[in-house]
1. For the stretch 137-221, what does the alpha-carbon gyration tensor say about shape, rounded, prolate or oblate, given a ≥ b ≥ c as the root eigenvalues, a/c under 1.5 as rounded, and a/b over b/c as prolate?
2. Could you tell me what fraction of 2.2 N^0.38 Å the Cα radius of gyration of the stretch 97-317 comes to, as a two-decimal ratio?
3. If you place +1 on the Cβ of every Lys and Arg and -1 on the Cβ of every Asp and Glu, how big does the dipole about the Cα centre of the stretch 406-503 come out, in debye to the nearest 20?
4. Let me know the Rg and Dmax you get for the stretch 406-503 when you use only its Cα atoms, in Å.
5. Based on the Kirkwood radius over alpha-carbon pairs, what value in µm²/s does the Stokes-Einstein equation return for the translational diffusion coefficient of the stretch 193-242 at 25 °C and 0.890 mPa s?
6. Give me the percent relative contact order of the stretch 429-510, please, defined on Cα pairs under 8 angstrom at least 6 residues apart.
7. For the pairs Lys111/Lys136; Lys111/Lys486; Lys182/Lys216; Lys148/Lys352, note any where the Cα-Cα span goes beyond 19 Å.
8. So, R0 is 35 Å and r is the distance between the beta-carbons of Lys369 and Glu122; what FRET efficiency does that work out to, to 0.05?
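Since every read-out is calculated from the coordinates, none of them should be taken as a lab result. In this text the structure is predicted, and so the values were computed from the model without any measurement. Heads up, the Cβs are rebuilt from the backbone with ideal geometry, glycines too, and the neighbour counts pull from every protein chain shown.
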Amino acid sequence: MPFNGSLRNLFSSSKSRKERAAQLTQGASSHPGGSTASIAVESASALSSQSASPSFFPNAQNFHLESFVYNEAPKTTTATSVSWKLGWQQLIAHTAPNALYNSSARFDAPKCDEDTRVGVIEEVMGWMTDRGSPTKLLCMTGAAGAGKSCLQQTIAEQCQALGILAASFFFWKSDPTRNNAKSIVATIAYQLAHINTDIRSLIGAAVEQDPLIFDKSLLTQIDILIVAPINLFRLNAGQDASRSLPYAILIDGLDECENVDRQQELLRAIAKAFIDDENSNFRIFIASRPEWTIYSALELPGGFLRKSAYHIRLSDDYDASEDIRRYLRRRLCEIGFRHGHHQWPTDEEIDKLVLAASGQFIYAATVVKYVSGPRSSPVVRLRTILTWKLSEGQRAAPFAALDLLYRNILTDAKAAYEEVDTNELSFDLLLRAYLSFLMDHAQSESPSLDIADAVFGLPSDTWQVFFCDLRSVVAVGAFGLRLYHKSFQDFLIDERRAQAHAIPKMKVQAFIMVRLMHSIPKGPLRFPVLNDTVPPRDILLRLLDFYIRDVILESLKNPGKPELYSHVYSGLLDFTRTGGWESFQDRLSLGDSADALGDEHSFLLWRVLCMTWEIGAIVFDPTISQGPGQSLAELGAAVQSWLLTMFNQLHAIHLRRTTNG
């Protein structure tokens with residue numbers, strides 16, 4: 001394998017050095033990451049760690065010298081030393097200093113309060129210090145605001161105190177120096193180089209040998225800048241010395257790394273370079289929201305980390321309520337004492353805050369931050385939080401930080417979904433529709449996500465793609481949907497907080513109402529209801545009745561807002577122009593069979609009668625109906641004809657029942 005000129009010339013000066021370099025080269029080549037660059041690195045190591053002893057009489061023997069004095073002037077920096085130092089400077093230029101756990105950019109980084117999160121900290125540190133455990137990767141996933149970064153910061157500080165912290169990298173979406181994977185390997189290598197000067201020279205020489213290393217794949221970077229130098233150090237210093245090196249590598253906020261492909265590349269590179277390598281002593285701790293990249297690797301059958309990673313599900317495995325209670329009491333009492341309120345806050349106020357937090361530390365931290373503001377009394381500010389409803393012109397939003405977090409999550413999820421979306425429905429409308437359809441009515445009538453796709457006119461399994469990047473705020477599974485935090489729902493329904501992601505409630509209700517009217521004529525749909533004897537059509541009708549009533553109530557609560565009614569009328573007008581009323585009438589037809597006269601159909605008859613009246617009220621009642629004139633006339637004619645047919649049918653059934661009764 002080729003060496004550069006200066007290294008070749010220096011090596012030719014000593015046979016013993018050649019043998020040593022050959023020995024090191026053979027060791028490096030046996031590693032999967034072995035390469036020409038690795039050889040250059042070990043060559044530099046051999047040169048930098050040894051100095052040539054001058055020989056004045058190479059072939060002389062049997063002679064004697066007295067009063068021999070040898071003076072050697074200090075040597076200038078060798079070409080080899082200059083070489084690795086130049087590489088070291090290049091490495092520094094490609095690091096992200098803000099990503100370090102103790103960087104000045106993170107000077108006030110949140111960490112766990114004393115006596116909080118004790119259980120999870122003990123679990124993580126127990127795993128980290130158990131060098132005999134075969135599992136080298138710990139992944140901690142949790143909802144947005146669950147306190148993952150606080151835990152990572154605390155773990156980093158504890159590892160540093162124990163002398164086992166090798167490196168840390170904290171991703172953050174808002175910082176362009178650490179919201180991508182470009183600098184993560186260089187930053188980790190930089191921290192490793194500060195552990196030992198020999199490792200530093202090895203890493204510097206590797207960069208000098210391949211200045212374009214930072215443009216190569218993450219796996220290649222890890223092999224050349226981390227794995228090969230550490231292996232060469234082990235060969236030089238021995239196993240005991242290498243095992244005494246710090247070994248904990250912490251990576252926080254994987255989900256905040258831009259580009260999901262790079263997230264997956266990083267996970268696969270870590271698995272191949274560290275987890276699959278039996279000689280690696282590193283233990284990796286990664287924290288992330290349960291977004292698709294890490295979720296699929298850890299949770300899905302066949303996920304490449306499913307069997308090799310130790311997985312802590314922070315939001316599911318630990319109830320943080322008591323920790324949040326202690327945190328709020330300590331922090332708010334401190335604020336109260338500073339302002340002379342020694343009996344504040346009350347236990348009742350703390351209980352309300354803990355309940356509202358829903359196990360998410362970000363809510364509690366946001367409360368403390370808002371209450372501690374200098375411009376008003378903390379008592380007044382806490383009262384504002386407990387009773388807060390943003391009014392017109394109000395500027396101080398208690399949950400501005402929380403809102404920003406939610407908006408960022410939705411923006412990223414929307415962009416990811418729209419890349420693969422094949423339908424024309426708005427992402428924000430679809431999110432609100434899913435949540436309403438599965439969560440806004442009686443549990444016994446809750447449909448499944450598959451039924452939601454069918455009713456919304458979406459391809460099968462659309463929900464699986466849709467919620468891929470929303471798993472940090474919504475739990476999705478066979479049970480349906482569950483919000484991790486009530487504040488997310490509060491955020492969605494407040495236009496001033498949701499901003500670009502805001503969707504009027506009436507638009508959501510009208511969308512679902514019309515989609516249900518389209519779906520009923522399509523035949524039976526199986527619902528996972530508690531009572532399996534209830535026909536699917538009846539469940540659809542119950543849901544439709546629910547949303548029709550909601551539209552009416554929302555209309556009455558918002559008089560004089562034609563922009564809201566336009567959502568209802570545009571949907572009903574489209575339904576009219578596509579022959580929806582005729583199909584709807586056929587599906588609701590009870591026929592002349594004896595079954596239509598049985599007692600079991602009484603409730604259905606009443607529901608159809610009420611629903612018929614309700615649809616008429618939406619279109620014709622002047623206190624509700626405020627649609628555009630021409631369109632309203634077209635819609636009114638169609639609905640009037642449909643109403644007449646339905647009332648005639650219901651009247652005929654009533655007469656038959658009376659006659660037979």
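1. Oblate, since a/c reaches 1.5 and b/c is not below a/b.
2. On the way: Rg = 16.5 Å, N = 221, 2.2 N^0.38 = 17.1 Å.
Its radius of gyration relative to the 2.2 N^0.38 Å reference: 0.97.
3. 440 debye
4. Values for the stretch 406-503 (Cα only, Rg and Dmax): 12.8, 36 Å.
5. 221 µm²/s
6. On the way: 69 pairs, mean separation 19.1, N = 82.
So the answer I get is 23 percent.
7. Table pairs above 19 Å Cα-Cα are Lys111/Lys136; Lys111/Lys486; Lys148/Lys352.
8. Working from the Cβ atoms, E equals 0.80.
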